[in-house]
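Inspection log for the structure reproduced underneath, given as structure tokens.
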Amino acid sequence: SSFAELKLAVSSFIEEVAIEQNRDIIVIGESFGGLLAPGVALRVKNMVERKGVENPIKGLVMVNPATSFYDTDWSTLGPFLASLRHLEDENGDGNLPTPYSVVGGLSLAQRIPDNKQFNQILSMLT
């Protein structure tokens, strides 16, 4: 299966189980699943926006995503970013993602063979 086919399969499962049954979920991916998880979350976000329903994804966990960790600066940058607090919105709520998840998501998106997805994530942040 291609990366796009895997995103479609997982997104369809989430639609069937979470959206249609009005259930909240947390997407968790380990290794290759850690690369797949952000793509699935973005696809589900776009799907629910088109349908006008609430996004059932309430969290995203990437466990040891397949990113060639030792070939990057993550051993230095990761602990620093993880130590930062959640970003606060204009109301002072910490509902925004941590800097670690933003930078990590962008880094992972660049490694996924889908440039369109990286541009969509970047446009959501700007």
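The values are calculated or read from the model by the stated rules, or taken from the named source; none is laboratory data. A quick note: this is a predicted structure, and the numbers were derived from the prediction, not measured. Positions of Cβ are generated from backbone atoms using ideal geometry, with glycine treated the same way; all protein chains shown enter the neighbour counts. Note: accessible area is taken over every heavy atom of the protein model, side chains too, but ligands, DNA and RNA are not part of it. Shrake-Rupley method; radii C 1.70, N 1.55, O 1.52, S 1.80 Å.
Would you check if SER31 is polar (S, T, N, Q), open to solvent by 60 Å² or more (accessible area, probe 1.4 Å) and more than 13 Å from the chain's Cα centre (by Cα)? Answer is no for this residue.
Scanning segment 34-45 for residues that are in contact (Cβ under 8 Å) with a residue 24 or more places away in the chain and open to solvent by 40 Å² or more (accessible area, probe 1.4 Å) yields a single hit, ARG43.
Free of Cβ contacts under 8 Å to residues at least 40 places away in the same chain and at positive phi: is that true of ASN55 in this structure?
Numbers: free of Cβ contacts under 8 Å to residues at least 40 places away in the same chain: yes; at positive phi: no.
No: the conditions fail for ASN55.
Only residues that are closer than 14 Å to ASN55 by Cα and surrounded by fewer than 11 Cβ atoms within 10 Å (Cβ to Cβ): list them for segment 1-22, please. Once the filter is applied, which keeps residues that are closer than 14 Å to ASN55 by Cα and surrounded by fewer than 11 Cβ atoms within 10 Å (Cβ to Cβ), segment 1-22 yields GLU16, GLN21, ASN22. Evaluating ASP93 against the criteria (1) open to solvent by 40 Å² or more (accessible area, probe 1.4 Å); (2) modelled with pLDDT of 90 or more leaves one unmet condition, (2).
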